[in-house]
Structures are given as C-alpha cells and as structure tokens.
1. In region 134-156, how many residues are closer than 26 Å to GLY78 by Cβ and either among the aliphatic types (A, V, I, L, M) or more than 8 Å from the chain's Cα centre (by Cα) (or both)?
2. Of all residues in region 134-144 being farther than 17 Å from SER200 by Cβ and not charged (D, E, K, R), which is surrounded by the most Cβ atoms within 10 Å (Cβ to Cβ)?
3. Taking the condition of being within 15 Å of TRP96 (Cα to Cα) and of a type in the set (D, E, K, R), how many residues in region 108-152 meet it?
4. Look at ALA160 and say whether it is in contact with a strand residue (DSSP E or B) (Cβ under 8 Å, 6 or more places away or on another chain) and either crowded, with 16+ Cβ neighbours inside 10 Å or not basic (Lys, Arg) (or both).
5. Of all residues in region 19-41, which are among the aliphatic types (A, V, I, L, M) and at pLDDT below 90?
6. Being at pLDDT 90 or above and either at positive phi or not β-branched (Val, Ile, Thr) (or both) is the filter here, so list the residues in region 97-125 that pass it.
7. Only one of these conditions is not met by VAL172: (1) surrounded by fewer than 22 Cβ atoms within 10 Å (Cβ to Cβ); (2) part of a loop (DSSP other than H, G, I, E, B); (3) modelled with pLDDT of 90 or more; (4) touching a Leu at 6+ places or on another chain (Cβ under 7 Å). Which number is it?
8. Conditions first: (1) touching a strand residue (DSSP E or B) at 6+ places or on another chain (Cβ under 9 Å); (2) at pLDDT below 90; (3) at negative phi. GLY89 passes all but one, so which condition is the exception?
Amino acid sequence: MFALTVGNGHHTSRSIHATNRVVQQYLASLRSTDLDDVPVLELMRTLFADIPSTSTATLYKIIDIGDFTTGLYRDAAGTLVIRHHDAAGPLLSLLWPVVGRPGSVPSVARGETSILGNDGNVFLVDEASGDLVPLPAATADRCGYGWGSPSTEVINLYLAIVHAVSGVRAPVPRPQFRDHPDSLYGWLLRKDRRRELRLSHADLTRMVRADEPLRLAARKAANRPTTQRMTPPPRFATARGSTGR
C-alpha cells in the first residue's frame, strides 16, 4: 500500500460544485463539525483565497447566511469543508491539499486505495471505509486536474498520481512518450473527459510502475546539458541535389 505525503499548511483555496455523483459521494462521506471547533483563520482561509483583500462587509455577508453554521464539515483527512450555495446549486469550499512536508492521511493509508474523478475533481477513495479525500496536487500551481485532451491539467493529474503512489516527484512528461503503451500520461490523454475517471489500487500500482522507465528517460533528458541537447544544423542542398561539399 502506498502512503501519502501531504504537507502541513500546504493548501490552495478552491470551491467545487456538488453537481456530479463523485463530488456528491465526497459530500456524503464528510463529518459535520461545530463552528466553535473551527479556528477563525482556518475558516477564513477556506472561504477566501485572498484574505488581505477581503472586506469586513464580505465576511459579515458570508457569516450571515442562514445555513452557514450547519454547513461545516471535515473529511477523513481533517480538511475543513464549507457547504453553501450559489446559482448553480450546492458549493463546497475547501483547502485542496498540496504535497509538501512528510505527513499522512491515516484513513487512506489503511487498506487499498483507488482514484475516482469527475469534471476535473479527483479523489482518493479508501475502499475499506468508503472515505474520500482530495488527491493532493504535486505543487501549489498544479491543483487543476483534467483528462481526455492535451492540457496542463492532464500533466497536473499525472504528476499527482505518480507522487501519491510512489512518493516521488516525477518530471513533466515528454510529449513523444504519450503514444508509448506504458505511458500513464498517454493513458490519461486517451480517456473520455465526459466520463468518470476510475483507477483501482491494482491499476494504480501497475501503471505507475510500468511508467517508471519513461520518467527516468524524461529526467535524464531534462538534466542533459544544453549543448548536448542541441541538434546539428541541417545541410542545405544545392539546386543539383548535392550537399555542397
């Protein structure tokens, strides 16, 4: 079983709509908590991405929402989740975890863990307890996930999966590897983005292990001196087709 390394204090504020089955499953796994048990700073960091620029009027408006005090939850990793509403329906605000200093998510570290995602929101699922926690991002600027078409979001998801399984930060995948049969990045690109993303524990470990030689090749290419990576200039042919020598 792989263990997660979630940084203490390494998070990014994010709000997601509970309008698909996967996010609703995450919502159903949350445990309610009392407002008196929530530190004020944690509450504000969860609600506002930019606390210094948040006015007191905005803060009072949020706090004045009728169901606010009954919309506070924590997931299996202890992350505060605030349930409120906008025009599109239920909205969950939370601090999405980012890989940082060594730590652990006990409820996920037990038993086998699978991955479940929909509409760019990806979670780790403890198959024994049914608990869900957000899949930690590889770095703070790589929290947006996606699959099904070439994009930064697919790279973000690839890096997050590799780190969750191996505990190692992978290099950015090289485009020429995406058609390789063992490429996890290529597999993510070929998935239908309109469908749920599902990866069992067995598939996770197998695919990340098979992808390792490609990661090694990408890391070697990235570390190669620039002078060695430069290709020689092409020879220009003359009108008669000679090389001009």
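The values are calculated or read from the model by the stated rules, or taken from the named source; none is laboratory data. Remember, it's a predicted structure, so these values are computed and weren't measured experimentally. Cβ coordinates were reconstructed from backbone atoms using ideal geometry, including for glycine residues, and neighbour counts include every protein chain displayed.
1. Total satisfying the criteria: 6.
2. Restricting to residues being farther than 17 Å from SER200 by Cβ and not charged (D, E, K, R), the top hit is PRO134.
3. Selection size over region 108-152: 2.
4. yes
5. Once the filter is applied, which keeps residues that are among the aliphatic types (A, V, I, L, M) and at pLDDT below 90, region 19-41 yields LEU35, VAL38, VAL40, LEU41.
6. Within region 97-125, SER114, LEU116, GLY117, ASN118, ASP119, GLY120, ASN121, PHE123, LEU124 qualify.
7. (4)
8. (3)
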